[in-house]
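A short write-up of the structure that comes next.
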Amino acid sequence: MKVERIALVLGATGGSGSEIASALLQHGWTVRGLVRDTTRTDLAAGIEWHEGDAMSAHDVAKAARGVGVIVHAVNPPGYRNWDTVVLPMLDNTIAAARENKARIVLPGAVYNFGPDALPLLSESSPQHPLTRKGGIRVQMEKRLEAAATHGVRALILRCGDFFGPRAGNNWFNAMLKPGKKPSSVSYPGKRDLPHAWAYLPDVGKTIALLLERESDLAAFERFHFGGHWVDGNTLMPAIRKAAAHPKLPLRSFPWWFVTLASPFVTMFREVREMRYLWRQPLQLDNRKLVAFLGAEPHTDLDRAVSDTLQGMGCL
């Protein structure tokens, strides 16, 4: 199937959205972005910026005219209002994709899995989330799968915890203080438990490569991105090297403080709900992805961590 090489990226100013937009531009796509204020001075060059709101069906439909792909990488700011905002935004994307016969791309997460599916997650692992946010993620995927039976193609790339030079809200921001030279690292799990990390530039490249194979994709596709599967003892040398601080201390994450503050701070409440993902190993099985692409884009850990700290203003 021939697809018009124009992509609308919802959330193009965010972590995953900006990297996906960048990768699509590098692969020769025309990329549009939807933003509330097109006069912002920090908007990326090369993107056709359209003024609007992802919560407005009219705005999304207008920006999506003639596109072949809609990347749905938009999330509520500050983890707020997931229950009232997330699904309506996705419905707007589905309606626009149906009108333009476009494929929807969703950067997925692991929040829709409960402890019963760990430690190794495949595309068909059972989804029994413990959290409200995880339940919404499950509903998002179900809506896309249902839409695929009515002519709306969808591609989901599930990933581990994001990090990168433009990652937005992510665990690196919790382990280190953005804008400050590192004085210590607060690791959320046991130091010897490996965890799945997704370097966002690699995620963007993977999505661009998958879209190059549109004719080989099913109407509804799920892939798992392996990324970096490392424990705290492996991650720390990369952070110390990037910070030029060979004795940078590794400390336990202050879960006690998150617990105390969670009734008053929405983000802390959301973080606390995800603690179970740090209590046992977490890995995504990427064999389907590797079989399809031949290899998964993979940046060396030292470089990925250095670029991340540089983007955070820690170097």
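Does at least one position in region 90-108 carry a residue that is touching a residue at least 24 places away in the same chain (Cβ under 8 Å), closer than 18 Å to Val31 by Cα and among the acidic types (Asp, Glu)? Scanning region 90-108 turns up no residue that is touching a residue at least 24 places away in the same chain (Cβ under 8 Å), closer than 18 Å to Val31 by Cα and among the acidic types (Asp, Glu). Of note, Leu106 does not satisfy the criterion of being among the hydrophobic types (A, V, I, L, M, F, W, C) and touching a Pro at 6+ places or on another chain (Cβ under 9 Å).
Restricting attention to region 233-266, which residues are in contact with an Asp or Glu (Cβ under 9 Å, 6 or more places away or on another chain) and closer than 30 Å to Arg132 by Cα? Step through it out loud before you land on a result.
Pass one, region 233-266, residues in contact with an Asp or Glu (Cβ under 9 Å, 6 or more places away or on another chain): 233, 237-238, 241-242, 262.
Residue satisfying the conditions is Ser262 alone.
Return the residues of region 161-191 that are surrounded by fewer than 17 Cβ atoms within 10 Å (Cβ to Cβ) and within 15 Å of Thr234 (Cβ to Cβ); say none if nothing qualifies. Scanning region 161-191 gives Lys190, Arg191.
Residues that are assigned to a helix (DSSP H, G or I), under 21 Å from His128 (Cα atoms) and free of Cβ contacts under 8 Å to residues at least 60 places away in the same chain: does region 270-291 have at least one?
Of all residues in region 270-291, those assigned to a helix (DSSP H, G or I) come to 270-273, 275-278, 287-291.
Then keep just the ones that are under 21 Å from His128 (Cα atoms); that gives 270-273, 275-278.
With the extra rule that they be free of Cβ contacts under 8 Å to residues at least 60 places away in the same chain, the set shrinks to 272.
Yes.
Count of region 251-268 residues, restricted to those that are out of contact with any helix residue (DSSP H, G or I) (no Cβ under 8 Å at 6 or more places or on another chain) and either assigned to a loop (DSSP other than H, G, I, E, B) or surrounded by 16 or more Cβ atoms within 10 Å (Cβ to Cβ) (or both), is 3. Among the residues making up region 167-204, a single one is more than 24 Å from Met274 (Cβ to Cβ) and either in contact with a Ser or Thr (Cβ under 9 Å, 6 or more places away or on another chain) or of a type in the set (Ser, Thr, Tyr) (or both): Ser183. Within region 150-171, being of a type outside the set (Asp, Glu), modelled with pLDDT of 95 or more and not in a loop (DSSP other than H, G, I, E, B) holds for Ala154, Leu155, Ile156, Leu157, Arg158, Phe162, Phe163. For region 199-250, give me the residue count where each residue is buried (at least 16 other Cβ atoms within 10 Å of the Cβ), part of a helix (DSSP H, G or I) and without any contact (Cβ under 8 Å) to a residue 60 or more places away in the chain. Adding up the residues that qualify gives 3.
Taking into account only those residues within region 1-38 that are under 13 Å from Val69 (Cβ atoms), surrounded by fewer than 19 Cβ atoms within 10 Å (Cβ to Cβ) and among the basic types (Lys, Arg), which is farthest from the chain's Cα centre (by Cα)? In this case the residue turns out to be Lys2.
Number of residues in region 115-135 that are closer than 20 Å to Phe225 by Cβ and not hydroxyl-bearing (Ser, Thr, Tyr) equals 11.
Only one residue in Arg303, Arg279 is more than 20 Å from Val110 (Cβ to Cβ), out of contact with any Ser or Thr (no Cβ under 7 Å at 6 or more places or on another chain) and surrounded by fewer than 15 Cβ atoms within 10 Å (Cβ to Cβ). Which one?
Of Arg303, Arg279, the one residue that is more than 20 Å from Val110 (Cβ to Cβ), out of contact with any Ser or Thr (no Cβ under 7 Å at 6 or more places or on another chain) and surrounded by fewer than 15 Cβ atoms within 10 Å (Cβ to Cβ) is Arg303.
Only one of the numbered conditions (1) touching a Leu at 6+ places or on another chain (Cβ under 8 Å); (2) among the hydroxyl-bearing types (Ser, Thr, Tyr); (3) surrounded by fewer than 23 Cβ atoms within 10 Å (Cβ to Cβ) is violated by Ser124, and that is (1). Counting only residues that are buried (at least 22 other Cβ atoms within 10 Å of the Cβ), closer than 30 Å to Gly66 by Cβ and of a type in the set (S, T, N, Q), region 83-121 holds 2 of them.
Just so you know, in region 306-315 the residues that are surrounded by fewer than 18 Cβ atoms within 10 Å (Cβ to Cβ) and either β-branched (Val, Ile, Thr) or part of a loop (DSSP other than H, G, I, E, B) (or both) include one that is modelled with the lowest pLDDT, and it is Leu315.
Sort out which residues of region 41-64 are charged (D, E, K, R), modelled with pLDDT of 95 or more and closer than 23 Å to Gln26 by Cα, and write them in order of number. Within region 41-64, just Glu48 meets the criteria.
If the condition is being surrounded by 13 or more Cβ atoms within 10 Å (Cβ to Cβ) and either touching a Lys or Arg at 6+ places or on another chain (Cβ under 9 Å) or assigned to a helix (DSSP H, G or I) (or both), then region 57-79 contributes Ala57, Asp59, Val60, Ala61, Lys62, Ala63, Ala64, Val67, Gly68, Val69, Ile70, Tyr79. Which residues, taken from region 92-149, are assigned to a helix (DSSP H, G or I) and basic (Lys, Arg)? Arg98, Arg132, Lys133, Arg137, Lys142, Arg143 - these are the residues of region 92-149 that are assigned to a helix (DSSP H, G or I) and basic (Lys, Arg).
The values are calculated or read from the model by the stated rules, or taken from the named source; none is laboratory data. From a predicted model like this one, the values you see are computed outputs, not experimental measurements. Note that each Cβ is placed from the backbone with ideal geometry, even for glycine, and that neighbours are counted across all protein chains shown.
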